[in-house]
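Asks: Before anything else, here's the structure in question.
The values are calculated or read from the model by the stated rules, or taken from the named source; none is laboratory data. Small disclaimer: the values here were computed from a predicted structure and weren't measured. Note: ideal-geometry Cβ built from the backbone for every residue, glycine included; neighbour counts use all protein chains shown. The area values use the complete protein model at the heavy-atom level, side chains included, leaving out ligands, DNA and RNA. Shrake-Rupley method; radii C 1.70, N 1.55, O 1.52, S 1.80 Å.
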Amino acid sequence: MNEHALSSETHDYPYPDSKGRYGAYGGKFVPETLMPALTELEDAYNRAKDDEAFQRRLRRYQKDYIGRPTPLFFAERFTNRLGGARVYFKREDLAHTGAHKINNALGQVLLAQAMGKERIIAETGAGQHGVATATAAAQVGLECDVYMGEEDMARQELNVFRMRLLGARVIPVTAGSRTLKDAINESIRDWVTNIGNTHYVLGTVHGPHPYPMICRDFQKIIGEETRRQLQEKEGRLPDVLLACVGGGSNSIGLFFDFLGDPGVRMIGVEAGGFGIDTQRHAARFAGGVQGTLHGAMSYVLQDIHGQILGTHSVSAGLDYPSVGPEHAYLHGAGRVQYVYANDDEALEGFQLVSRLEGIIPALESAHAIGHAVKIVPAMKPDEIVVINMSGRGDKDVQQATRFINPAKEDL
Ligand SMILES: *Cc1c(COP(=O)(O)O)cnc(C)c1O
């Protein structure tokens with residue numbers, strides 16, 4: 001059977017529409033000055049999509065540089081421990097740089113090069129997207145400037161060093177709370193000013209159209225591979241797909257190819273932080289409202305005056321006050337269920353998979369594991385769950401030492 005016949009692209013999924021909307025969500029909520037840049041990007045992307053030479057180059061980089069396809073691994077000891085469905089891990093942690101972010105960063109950098117841009121800019125919070133972008137820019141030889149809040153730079157010294165080692169310039173942002181949302185504002189300002197030679201690599205499926213679409217398209221290879229790999233191993237579709245949701249790129253990457261398969265349940269796991277009642281979390285669906293942030297209509301954590309609320313998660317990658325607009329649509333349509341796992345549950349998943357499988361997951365991915373611990377035991381042994389292991393946890397061990405003591409924990 002050819003790949004296409006197995007893919008949900010044969011189903012009718014109309015989003016985004018011609019206005020860049022996903023039902024009531026998405027769009028381009030940006031100043032007039034940004035519109036030409038977005039149009040130029042959309043046109044270039046549509047050309048690249050149909051350009052066989054571009055696609056061949058992308059596939060070669062995916063295979064020989066990122067290391068795709070990433071394995072689909074049967075987690076036998078974890079499965080036996082939970083005593084329900086069979087659990088597989090999609091090993092994005094084995095992608096170059098240790099997470100799925102490189103899929104999007106590399107795709108966008110190749111796109112920038114095809115557009116004739118000489119300079120890349122990016123924003124970063126914890127530094128993971130900055131590192132992925134600096135990596136891709138180094139590989140193809142483009143100049144790279146990364147905006148990062150001063151506060152985040154202090155918290156993530158190692159990633160600042162990595163980006164500089166990779167040849168990027170890290171520009172401190174001193175405005176506002178000196179964190180991610182301020183870095184995004186600075187990136188947009190830079191892009192408007194330098195649109196002639198600069199491409200802005202946005203790190204997740206958020207922002208104004210066409211970004212959520214472009215990022216999704218570069219990430220959907222995760223689900224396409226999963227479908228093929230599970231077909232080989234089990235000869236059928238999964239019953240449940242589980243992925244953590246920050247901005248929403250690794251989750252939509254896993255889910256997208258299965259949207260047209262009604263028998264496949266999909267669950268996105270947000271960060272419950274200290275708990276939904278504490279106001280210290282990043283669960284946009286459970287605790288947020290509809291609103292616009294960074295150019296898109298979606299769900300946002302904000303107060304009744306529209307002020308963006310502070311968020312908290314033990315994992316930096318899930319600590320963001322909004323979520324990609326396509327997720328808002330899939331939530332409203334009831335196609336994907338959104339739940340949350342608290343810090344404690346994520347830390348338990350982090351330790352459990354480290355100990356049972358010899359795989360230290362990213363604290364972000366550990367949220368999906370935390371939810372698996374809740375639902376898998378009640379499932380049937382012939383059912384199949386795929387968890388997206390969005391990244392490896394080496395970056396998180398320092399953070400984890402503040403909360404857990406593996407020698408003493410009895411799991
Ligand atoms: C950044 C990150 C996430 C969250 O981002 P999404 O766009 O929601 O995927 C999840 N896992 C890892 C390992 C990350 O680095």
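Asks: Add -39500 (n - 2.57) for each DSSP H run of 4 or more in the chain, then divide by its residues: what number comes out at 222 nm, to the nearest 500 deg cm²/dmol?
Replies: -11500 deg cm²/dmol
Asks: Which part of segment 370-400 falls in the paramagnetic zone of Asp261, meaning amide N under 20 Å from the point 7 Å along Cα-to-beta-carbon?
Replies: Within reach of a label on Asp261: 372, 376, 379-390.
Asks: Under DSSP H, which helices of the chain have Cα atoms covering 24 Å or more of the helix axis and a Kyte-Doolittle average no less than 1.0?
Replies: none
Asks: Give me the accessible area per residue for the chain, probe 1.4 Å, as a whole number in Å².
Replies: Value returned for the chain: 41 Å² of accessible area per residue.
Asks: DSSP loop (so not H, G, I, E, B), at most 14 other Cβ within 10 Å: list which chymotrypsin sites (Phe, Trp or Tyr not before Pro) in segment 66-134 pass both filters.
Replies: Counting only loop positions with at most 14 other Cβ atoms within 10 Å, none of the chymotrypsin sites (Phe, Trp or Tyr not before Pro) in segment 66-134 qualifies.
Asks: Holding the Cα-Cα limit at 29 Å, pick out from Lys101/Lys408; Lys19/Lys63; Lys49/Lys374; Lys28/Lys181; Lys233/Lys408 the pairs that are longer than that.
Replies: Lys101/Lys408; Lys19/Lys63; Lys49/Lys374; Lys233/Lys408
Asks: Using the Kirkwood radius over C-alpha pairs as Rh, can you work out the diffusion coefficient of segment 1-129 via Stokes-Einstein at 37 °C, viscosity 0.692 mPa s, in µm² per second?
Replies: 180
Asks: Taking the Cα centre as origin and putting +1 on Lys and Arg beta-carbons and -1 on Asp and Glu beta-carbons, what dipole magnitude results for the chain, to the nearest 20 debye?
Replies: 520
Asks: With viscosity set to 1.002 mPa s and temperature to 20 °C, compute the Stokes-Einstein D of segment 134-192, Rh being the Kirkwood radius across alpha carbon pairs; µm²/s, no decimals.
Replies: Rounded to a whole number, D works out at 184 µm²/s.
Asks: How compact is segment 200-276 by the rule of thumb for globular proteins, expressed as Cα Rg over 2.2 N^0.38 Å?
Replies: For segment 200-276, the normalised Cα radius of gyration comes out at 1.20.
Asks: What residues of segment 199-233 lie in the reach of a label at Asp50, counting those whose backbone N is under 18 Å from a point 7 Å from the Cα along Cα→Cβ?
Replies: Under cut-off, by backbone N: 214.
Asks: Taking all protein chains as present, what is the carbon and sulfur share of the accessible area of the chain, in % to the nearest whole number, probe 1.4 Å?
Replies: The nonpolar share, carbon plus sulfur, comes to 49 percent.
Asks: Let me ask something else about it. Which FRET efficiency value, to the nearest 0.05, is calculated for Glu409 and Thr39 with the Förster distance at 51 angstrom and r the Cβ-Cβ distance?
Replies: Working from the Cβ atoms, E equals 0.45.
Asks: Distance in nm between label sites at Ala24 and Val397, each 7 Å beyond Cα in the beta-carbon direction?
Replies: It works out to 4.7 nm between the two label points.
Asks: Would you please report the Å³ per residue occupied by the convex hull of the alpha carbon atoms in segment 39-110?
Replies: Here the figure is 120 Å³ per residue.
Asks: Another question about this same structure. Sequence gap at least 6, Cα distance under 8 Å: using those rules, report the relative contact order of the chain to the nearest whole percent.
Replies: Once normalised by length, the contact order is 20 percent.
Asks: By DSSP, what percent of the beta bridges with both residues in the chain are antiparallel, rounded to the nearest 5?
Replies: 30
Asks: Please give me the summed charge of the neighbours of Thr135: other residues whose Cβ is under 12 Å from its Cβ, Lys and Arg +1, Asp and Glu -1.
Replies: Within the 12 Å Cβ shell, the charges total +2.
Asks: Rounded to the nearest 0.05, what FRET efficiency is calculated for Lys380 and His305 with R0 set to 60 Å and r the Cβ-Cβ distance?
Replies: It comes to 0.80.
Asks: In a GNM of the chain with a 10 Å cut-off on Cα contacts, which of Ile387, Ile308, Ile214 has the highest mean-square fluctuation?
Replies: Greatest mean-square fluctuation among the candidates belongs to Ile308.
Asks: What translational diffusion coefficient, in µm²/s and rounded to a whole number, does the Stokes-Einstein relation yield for the chain at 25 °C and a viscosity of 0.890 mPa s, taking the hydrodynamic radius as the Kirkwood radius over Cα pairs?
Replies: Approximately 116 µm²/s, per Stokes-Einstein.
Asks: Between Thr193 and His312, what length in nm is gained on full extension when 0.36 nm per residue of separation is reduced by their alpha carbon distance?
Replies: Extending this stretch completely gives an extra 39.6 nm.
Asks: Which residue, chosen from His199, Gly116, Gly141, occupies the Cα position most advanced towards the positive end of the dipole of the chain, where the dipole is computed from +1 (Lys, Arg) and -1 (Asp, Glu) charges on Cβ about the Cα centre?
Replies: Most positive-ward Cα: Gly141.
Asks: Work from the charge dipole of the chain (Cβ charges, +1 for Lys and Arg, -1 for Asp and Glu, about the Cα centre) and give the residue of Ile252, Val300, Leu38 farthest towards its positive end.
Replies: Farthest towards the positive end: Ile252.
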